[in-house]
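Take a look at the structure set out below.
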Amino acid sequence: MIEDTPQPPAGTRPADDDLVRATGVVKYFPIRRGIIFKHEIGQVRAVDGVDLTVRRGETLGLVGETGCGKSTLARCLTRLYPLTAGQVVFDGTDISTLNRGQLRPFRRDVQMIFQDPYGSLNPRRRVGSIIGDPFAIHGVADGAERKRKVQELMELVGLNPEHYNRFPADFSGGQRQRIGVARALALRPKLIVCDEPVSALDVSIQAQIINLLESLQDDFGLTYVFIAHDLSVVEHVSDRVGVMYLGRLVELAEVDELYRHPHHPYTVALLSAAGTPDPNKARKRERILLTGDVPSPIDPPSGCRFHPRCPKARDRCSVDDPVLMPGTDRRPGAEPTGDGHVTACHYPVLPGEVLAGRT
Amino acid sequence: MSTTELFESAEVPTIDTSGTLGRSPWQLAWARLRRDRVALVCGAFIVLLGLVAAFAGPLSKLIGWSPTQQDRINGLTPDGLPAPPSVHHLLGTDNLGRDVLVRVIYGTRVSLAVGVAAAVAAVLIGVIVGLIAGYFGPAVDAIVSRLMDVVLSFPFLLFAIALVSVVGPSELVEIGVIAFFSWAAVGRIVRGQTLSIREKEYIEAARSLGASDRRIMFVDVLPNLVAPVLVYTTLLIPVSIVFEATLSYLGVGIIPPTPSWGNMISDAQDVYQQAWWFLLFPGIALIATTLAFNLLGDSVRDALDPRTERLFAK
Amino acid sequence: MVRFLIRRLLTGVLVVWLISVIVFAIFFIAPHNVAQLLLGKFAAQNQQLVQTVTKQLGLDQPIWVQYAHFLNRLFHGDLGYSYYSHEPVTSLIKAALPITASLAIGAAIIWVVAGVLIGVLSATRPRSFTDRLATLFALIGLSFPTFVLGLLLLYFFFYQLHLAGVTFFPGGGYVPLTQNPGQWAQHLILPWITLAVASMAVYVRLTRGQMLEVLGEDYVRTARSKGLRPLRVTYRHGLRAALVPIVTQFGIDVATLLGGAIVTEQVFGLNGLGRMSVQAVTNQDEPVIIAVVLLAAVFVVVANIVVDLLYAVLDPRVRLS
C-alpha cells in the first residue's frame, strides 16, 4: 500500500499526479422568503473556500462533524451541485463550469457511493437494472451483454449473480451497499466518492464493505474520496485525511501524521472525543470537551471559525482568518516542512502540548 | 487482500427462499389482493358489469327488446303509466313503455365507458402535470400549483353544467368535462409524491451517473408513483360514474333516447310514486357499481401498502 | 398573519378574476345567437329586429369591450337582466339565495356534527358493534349518489308514509324561515339529510382514523395516566388534534357542497340558486348563469380563506407563511 511507496515531497510531484485539483471551492445555499416574489434573505455557507487535491490512487479521507460541509464538498467535486465560486479540475479538465450535457463524459469517470443503502437504491427496480443503469445511461452495453456484465459485477462485489432479478428489499443493508458499489464500479471510473458508505451499517458489516472497497482499489487502481464521521474507519482506509469545520478545511496530513501529531486544536478535540478500542491508547488520550455549539453556517464567526470554541483562542483569532500553512512554526521565515501536513491555525498545537478544557 | 480472499471472508449471502424473494412489489400486492375476499367479489362483479356492457346487444336480443323500442301492447297500463315487472318485462317498463332491464343493461355501457374513460383521462393529465410541477423546481411548481388550486376551487358541477350548455351534450363532451374537473386532485397528489421522491438518494445517484431528466422521470420517479395512482384511479372511477349519472340526471349528460342510469332516474322522478321499479333498478345498478369500485379501490390500496389503514375496516 | 391574509386575499381575487374570464370566454365562444334565441319566432320574420336587439345587448362589440362592460357593471353590483324572465339578475338571486343558504348551511352543520360524533364514537370503541355500524353507514353513504338518495327518501318518507297516513314530511317546496320556522325546518329535513349523508360518511372515516392515530400517541397516554377522565382525554386532547385534517377536508368540500345543492334542489323542487342555474342553462339564460357561477366562485374562495385561518387557530404548529 501507500507506505511502501513514500510520496515525494510536495512541490516536486509531477502535476498529473493529481486526479482532482480543487481551488477556492465555495457553495452557498440561498434562503428565500417572500409573499409573491421570493427574495434572498440569507445564505447557508456550506462550503466556504476549500483548496484540495486528490492524488491518483490514493484514498483521501474527509472527517468532521455533521453539517461541516463534507458531503456538500463531495457533491461539488462530483458536480452534483453547481459551484458558487472556485474551480475543480478533474484529470486535466476544468469541470466547474460545464453544463449537464458537457458533464456526461465526466460522469463515466467519477462515481458516488451513498450513505443510505436503503435510500440510494430505487425500491421499485430490480437489482440487475439498477446495477445496469450506468451501461444504459451511457449506452455502453445492451441486452445479453449488459446482463453478463452486470452479473460479473455482482460476482465481483460478492453478490450471487443469480439474484439479478431480485428487488432491493430482498437484500440486507450490507448487501445493498454492495449493490451500490457494483453500480459505482460498472464503468470502471477513475474516482469514486464514498459519502459515509458504512455509517448506516452494523459494525461487523462495516468491515466487510471496507475490505471490499480496499481490494477493489488494489485491483482496479481506484482513487477514493472517503467521507465519514467515524474517525477509526477513516484512519483505517485513508492515505491522507482532511479535517473540515464549518465549511472550511482546517487540517490535512498523511493519516499517521494527523492521528499522531494533530496540529489544529479542533482536530485534537475531535480525536480525543472519539473512542478507541485500544485500552492502552485510551488511557493516554484524554478527552477534551468543546464548549458551546457548532455556530450557524448562515452567520459563521469572524476570523478563525473555530475561535469561539477554541481553548487556545487569542484576540488575533477573532480577526485574522488563518490559511492552510505547513508545519507548526508560524514565525516568518520558518523552514517549510516537506511532509505535506498543513493546518489553518495561528497557534498550532505543538507535540506534547496539553490543551486546556479537558476533563 | 484480494477479491478471492474476500469471497472467503465476506458474508455468504444466506437468504431463505421463502417465496417472497425476487417477486416484484406488484406480484406481492397481487398475491395479497387475491387473498382478499371482498376484492375478489367486487372484482368479479366489475368483470360481470364489463361483460354485460360488452354484450349489451346480444343480451337485449335475448330478452327481446331493444333499448329504445316501445312496447305498444304491454308497455303501459291503461292509465298510461309504466307497467310493473311481469313476464313481458322482467323489471317492468318506463314512462314510454320501454323495457327497464334492457335499458339498465345499455346504461351499464354508458356508465362504464364514460366513468372509466374520464377517470383514466383525468389520471393521465394529473400524472403528467403533477410530475412536471413536482420535478422541475419551484418556479414551474408555483405556476402549476396555482392552476390546480384554481381548478379545484371551481364550483365544478355548476361549471360542468354551464360548459355543456354551451358546447352541447355528448358522450365525448361529458368525458372531457369530468376529466377536466378531476385531474387537478390527481395532479396535487402526484406533485406531492414527486416532491418527496425527488429528494431521495437514488435520484441523486441517477444524476451522478449522468442520467437525463427524462430518464429520471420515467425510469426512477414514475414507477414509484404507480401505486398511489392506481389506487386513486380505482377510487376515481366510481366518482366519475356518479358524476356522469348526475350530469345525465340534470339533463346535460347523455341525451335521450340513449339510456343512461342518470337520465332513467331523471325520467323516473315524475312517476316514482306509481312506478317504484323504474326508479329502483337503475338506482340499484348505480349504487352497486360505485360500491364495488369503492371497495375494490380500498382493497387495492390495502394490497399495495399494507401499512395504511383501510377506508372501510372489515 | 397579516402577510398571510394579504397573500390569501390576493390569490383569492386572482382566482375569482380567472373564473370570470373563463366564464366569459365560455359564453363568448358559444355557437349560438342570443338575439335570435330571445326573439324566438319573431326573429325569422324580422332580421332588422335581431340586429337591433344584438346592438342593444352590446353583442356586436368586440370581446374585450364586452368584457370591460361586464366587469364595469359587476363592480356596480349590476348583474344585468335575465334574457328569459327580463327581471334583474340581482333580484332573482336575492329570491333564491336564502333557500340555497338554508339548505347548504343546515346540511353542513348536520354532516360535520353528526360525522365527527359518529367518528369519535367509533374510534373510542374500535371493532365494536357501533364501530362496525358506523363503517357500514360510511360505506353506503359514500356510494349513494345524492339524487338517488334524495328520491329514495322521498319515496319512503313522503310517499309511503303518506300512504300510511303520516303526513309529517312534505314532498318538496320551501317555506321561508321568517314566515314559519317550524315549517321551514320540516320542509328542509329531507333535503338536509340528502345533502349531508355523502359528506358525513367522509367525516366519519376521517375522524375515526385521525382519532385512532391521536389516541395512540404518547401525550394522550400521558394524559390518561395522569388520571384525567377518559371523556376529557378524548375531547380535549384527541379531538382537538383530529380537528385539523377535518377542517382541511371541509375546505375541500365547500365546492362539493354547491354541486350537491344543485342536485338536491332539483330533487326536492327547491327554487334555490342551483335549480335556477339548471333552468338558466336549459333556457340559455347567460346573465343568470354567469352571475351564479361567479357568486359560487367567490363563495368557495372566501370559504377557503376562512378554513385556512381556522386551521391556524386550531393548530399552533402551522405558521402562516
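The values are calculated or read from the model by the stated rules, or taken from the named source; none is laboratory data. Source: prediction; values computed, not measured. Methodologically, a virtual Cβ is constructed for each residue, glycine included, from the backbone with ideal geometry; neighbour enumeration extends over all protein chains shown. In case anyone asks, the SASA skips ligands and DNA or RNA and just uses the protein heavy atoms, side chains included. Shrake-Rupley method; radii C 1.70, N 1.55, O 1.52, S 1.80 Å.
Brief remarks on what is shown
- Computed packing ranks the peptides C:159-165, A:46-52 as A:46-52, C:159-165, most packed first, by mean other Cβ atoms within 10 Å.
- Look at the stretch B:24-30: the mean tally of other chain Cβ atoms within 10 Å of its residues' Cβ atoms is 2.
- The range B:49-306, accessible surface, carbon-and-sulfur percent (1.4 angstrom probe): 68
- Counting, for every residue in A:120-131, the Cβ atoms of other protein chains within 10 Å of its Cβ and taking the mean gives 5.
- With contacts taken as Cα pairs under 8 Å at a separation of at least 6 residues, the range C:91-314 carries a relative contact order of 28 percent.
- Share of alpha-carbon pairs per 10 Å distance bin for the range B:183-314, given as whole %: 11, 27, 24, 19, 12, 6, 2, 0
- Each peptide in B:225-233, A:138-146 gets a packing score, the mean of other Cβ atoms within 10 Å over its residues, and the list from highest to lowest is B:225-233, A:138-146.
- Normalised Debye scattering of the range B:177-250 at q = 0.11, 0.20, 0.21, 0.22 Å⁻¹ gives log10 I(q)/I(0) of -0.40, -0.85, -0.90, -0.95, counting only Cα atoms as equal scatterers and leaving out solvent.
- Residues whose placed amide H lies under 5 Å from that of A:Leu19, excluding near-sequence neighbours: A:Val54, A:Arg55, A:Arg56
- Each residue was assigned an accessible area with a 1.4 Å probe, and for B:Val87 the value is about 130 Å².
- C-alpha long axis of helix A:143-156 to longest principal axis of chain A, angle in °: 50
- Dipole in debye (nearest 20) - chain A, about Cα centre, beta carbon charges: Lys, Arg +1; Asp, Glu -1: 1260
- The three principal axes of the C-alpha atoms in the range B:49-306 carry coordinate ranges of 80, 37, 26 Å, sorted with the longest axis first.
- Base-10 log of normalised Debye intensity for the protein assembly as shown (one unit scatterer per alpha-carbon) at q = 0.05, 0.08, 0.09 Å⁻¹: -0.45, -0.95, -1.09
- Pairs from A:Lys149/A:Lys190; A:Lys27/A:Lys312; A:Lys70/A:Lys147; A:Lys149/B:Lys200; A:Lys70/B:Lys200 whose Cα-Cα separation, in the structure shown, is over 25 Å: A:Lys27/A:Lys312; A:Lys70/A:Lys147; A:Lys149/B:Lys200
- For the range B:162-202, the list of GluC sites (Glu not before Pro) that fall in a loop by DSSP and count at most 10 other C-beta atoms within 10 angstrom reads B:Glu199.
- Integer Hz, Karplus 6.51/-1.76/1.60 couplings in order for the range C:187-194, x for Gly and Pro: 6, 9, 4, 4, x, 4, 4, 3
- Highest-first packing order for the peptide set C:119-128, A:69-78, B:180-189 is A:69-78, B:180-189, C:119-128, based on the mean count of other beta carbon atoms within 10 Å.
- Measuring nothing but how far apart in sequence close Cα pairs (under 8 Å, 6+ apart) lie, relative to its length, chain B scores a relative contact order of 23 percent.
- Amide H contacts of B:Thr77 (H built 1.01 Å from N, in plane; Pro and chain starts excluded): B:Ala83 sit under 5 Å, all sequence-distant by 5 or more or on other chains.
- Averaged over the residues of C:254-264, the number of partner chain Cβ atoms lying within 10 Å of the residue Cβ comes to 4.
- Sparsely packed loop sites in the range A:311-359 (the trypsin sites (Lys or Arg not before Pro) outside DSSP H, G, I, E and B with at most 15 other Cβ atoms within 10 Å) comprise A:Arg314, A:Arg330.
- Net charge of the neighbourhood of B:Ser66, taken over other residues with C-beta under 12 Å away and scored Lys/Arg +1, Asp/Glu -1, is +1.
- Calculated [222 nm] ellipticity per residue, helices only, for chain B: -22500 deg cm²/dmol; basis is -39500 (n - 2.57) per DSSP H run with n ≥ 4, divided by all residues, nearest 500.
- Buried area at the B-C interface (accessible, heavy atoms, 1.4 Å probe, summed, Å²): 4000
- Normalised by the number of residues in chain A, the average gap of Cα pairs under 8 Å and 6 or more apart makes the relative contact order 18 percent.
- For the protein assembly as shown, a crude dipole built from +1 on the beta carbon of Lys and Arg and -1 on the beta carbon of Asp and Glu, taken about the Cα centre, is about 1860 debye to the nearest 20.
- Portion, in percent, of the accessible area of the range A:79-234 that falls on carbon or sulfur, probe 1.4 Å: 46
- Using alpha-carbon coordinates, inclination of helix A:203-220 to the longest axis of chain A, degrees: 80
- Cα-only Debye scattering, chain A: base-10 log of I(q)/I(0) at q = 0.09, 0.11, 0.13, 0.14 Å⁻¹: -0.54, -0.80, -1.09, -1.23
- For the protein assembly as shown, the share of DSSP beta bridges that are antiparallel, to the nearest 5, is 65%.
- Relative to the dominant Cα principal axis of chain A, helix A:100-109 is inclined by about 90°.
- Computed over chain A, the per-residue total of -39500 (n - 2.57) for DSSP H runs of n ≥ 4 gives a 222 nm mean residue ellipticity of -8500 deg cm²/dmol, rounded to 500.
- 5 angstrom amide H check on A:Leu62, placed H, neighbours 5+ away: A:Phe226, A:Ile227, A:Ala228, A:Gly242
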